[in-house]
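Below is one structure, written out as C-alpha cells, with a few remarks after it.
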Amino acid sequence: MHILSYTHNELKDLFEKNGLKRYRALQVLDWIYNKKVFDYSLMTNISKEDIELLKTSFSLELPQIEKKLVSADGTVKYLFRYSDNATVESVLMDYDYGTSICVSSQSGCKMGCVFCASSEVPFSRNLLGYEITAQILKAGLDSNKTISRAVVMGIGEPFDNYDNLVNFLNVINMKEGFNMGGRRITVSTCGIVPKIYEFADLCLQVNLSVSLHEVTDEKRSAIMPINKKYDIASLIKACEYYFEKTNRRVSFEYALIPNQNDSFDHARRLSSLLKNVMCYVNVIPVNPIDNMKTHQNSKNLSGFCAILKENGIPVTIRRELGRDIEAACGQLRRQHDI
Ligand code: SAH
C-alpha cells in the first residue's frame, strides 16, 4: 500500500486494520503534505513502534528525478522514473498567479494524435493514482515552490485511466492533505465521450478541457483517431452535459496548425459549432515536434481569435512556456527514450 493512495477517511480505517490508532492518520498526513517529510523516522510525534508498523505497511517512496531541464523562461521539465523503471515527464510553470504543474497520467499514450509527441513512444502502462500525486510532491520538494494549480495535460489520456485519475483528484483535493481545490485543477481529454458523462456525474469542481483541433469529422478523424469512435456532435453534447451538471464551462483546446486548420473559414465553422455551448476556446500556437513539417506559428492567430470573439465565443491564447526544452503542449515524450 502506498500512503499517497488514500484520503483521510480511508487512511483512518486502514490504520485501524493495521494496528495503528485512527488519529495517527491526521498526524501522518500533516507530516507529508504540510511539513513535507517523507521519512517516517523523522515524524517526531509518532512512537517508535508505530513508525515500524508504518514502514512495513505503507510505502512513502517518490519517483526518482532521472533528468531535469530548465528553460530560459524558468519553466522546469522533469523526467521521473518509478521503481519499475516506467518514466514520465512533468512540467513546472510560473505564472503571475503562482506555480502550476502539468502532470502525466500514463507512461506513453494510445490515442495516436498525429501532432503530439506523446504518440511517438510506445505505451508502457497506466500510472496509479499515487504516482500522479507523487509528481506534484516530488516537484514541490525539488523546486521548493508552492504549487497551487495542476493540469492533467502531460503524457497520456487521463480518461483512458479513469479510476486512477479519480483517485488522484480525490487525494490532491483532500483538506487534511494537499488541499488543492477542484477549481485549481484542469483535466484535458481528447474526447472519450462516455467518460465525460461519468466524470460530470461526480460533480467535482474540476475544469474540463477538450482537445478539439478541427471542425469536421472527416478532418478531425484524420488527425485524432478517437474521433472515429466518438464524433464531434456526440463530443459537444457530452460537454453540454458537463456544464449542466457542474455549472463549469468546458474549455475547447484548438492548436492552430498553419495551412491545415487555421483558416478564417475554420474560425467561422468553429464559431457555429460552439455558438450555443457554454464554453471557452483556448487557442494554442502549435508546438514543433519532429514529424511535423510545419514548424512556424500560424499567421492567422489574431484574425482567427477575432472571428470567434465577434461570434460571442470567449477566447484565450495559451502562453507557450518551455518550448526550448520541449516542455510545451504536445512535446512531452519521455526524453531518455530517444
Ligand atoms: N490526452 C489529453 C492530454 C494531453 S495533451 C488530451 O488530448 O487532451 C495536452 C494538450 O496539448 C491537448 O490539447 C493536445 O491536443 C495539445 N497538443 C498536443 N500536441 C500539440 C502540439 N504539437 N502543439 C500544441 N498543442 C499540442
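Every number here is computed from the coordinates shown, using simple stated rules; none is lab data. Since the structure is predicted, the reported quantities are computational estimates derived from the model, not experimental observations. Note that each Cβ is placed from the backbone with ideal geometry, even for glycine, and that neighbours are counted across all protein chains shown.
The ranking of C279, C109 from fewest to most other beta carbons within 10 Å of each one's beta carbon is C279, C109. So if I take the centroid of the Cα atoms in segment 159-201 and the same for segment 29-46, what is the distance between those two points in Å? Cα centres, segment 159-201 to segment 29-46: 26 Å. Sum -39500 (n - 2.57) across every DSSP H segment of at least 4 residues in the chain, then divide by the residue count to get the 222 nm mean residue ellipticity, nearest 500. Only helices count here, giving -9500 deg cm²/dmol.
Among the DSSP beta bridges whose two residues both lie in the chain, what percent are antiparallel, rounded to the nearest 5? Could you put the intermediate results ahead of the total?
Working: 19 of 44 bridges.
Taking every DSSP beta bridge with both residues in the chain, the antiparallel ones total about 45 percent.
Using the alpha-carbon positions of segment 143-275, Rg (one decimal) and Dmax (whole number) come out as 15.9, 50 Å. Taking each of K67/K145; K17/K55; K12/K55; K67/K229; K245/K275; K12/K48 in turn, the alpha-carbon distance tops 27 angstrom for K67/K229. Take the Cα of S143, go 7 Å toward its beta carbon, and the backbone nitrogen atoms of segment 20-56 under 19 Å from that spot belong to 33-37. Pair-distance distribution of segment 1-99: all C-alpha pairs, bin width 5 Å, starting at 0; shares per bin in whole percent are 2, 11, 18, 18, 14, 13, 11, 8, 3, 1, 0. Computed over segment 107-191, the quotient of the alpha carbon radius of gyration and 2.2 N^0.38 Å is 1.13. Peptides 310-319, 248-257 ordered by packing proxy, namely the average of other Cβ atoms within 10 Å per residue, highest first: 248-257, 310-319.
Report the gain in length on full extension from N247 to N34: 0.36 nm times residue separation, minus Cα-Cα distance, nm rounded to one decimal.
Details: separation 213, 0.36 × 213 = 76.68 nm, distance 3.13 nm.
Stretched out fully, the N247 to N34 stretch lengthens by 73.5 nm.
Size check on segment 202-242: the Cα extents along the three principal axes, sorted descending, read 33, 15, 14 Å.
So for the chain, Kirkwood radius off the Cα pairs, Stokes-Einstein at 10 °C and 1.306 mPa s: how many µm² s⁻¹? Display every interim value, and only then the final one.
Working: Rh = 20.9 Å.
The calculation lands on 76 µm²/s.
How big is the Rg/Rh ratio for segment 3-57, C-alpha atoms only, Rh by Kirkwood, two decimals? Let's see the in-between values first.
Details: Rg = 10.1 Å, Rh = 11.1 Å.
Across segment 3-57, the Cα-based Rg/Rh ratio is 0.91.
Where a ≥ b ≥ c are the square roots of the eigenvalues of the C-alpha gyration tensor, would you call segment 61-205 rounded, which needs a/c under 1.5, or, failing that, prolate if a/b is larger than b/c, or oblate? Rounded, because the longest to shortest axis ratio a/c is under 1.5.
Using every pair of distinct Cα positions in segment 131-178, the Kirkwood expression returns a hydrodynamic radius of 11.6 angstrom. Using C-alpha pairs under 8 Å with a sequence gap of at least 6, the mean separation divided by the residue count of the chain gives a relative contact order of 16 percent.
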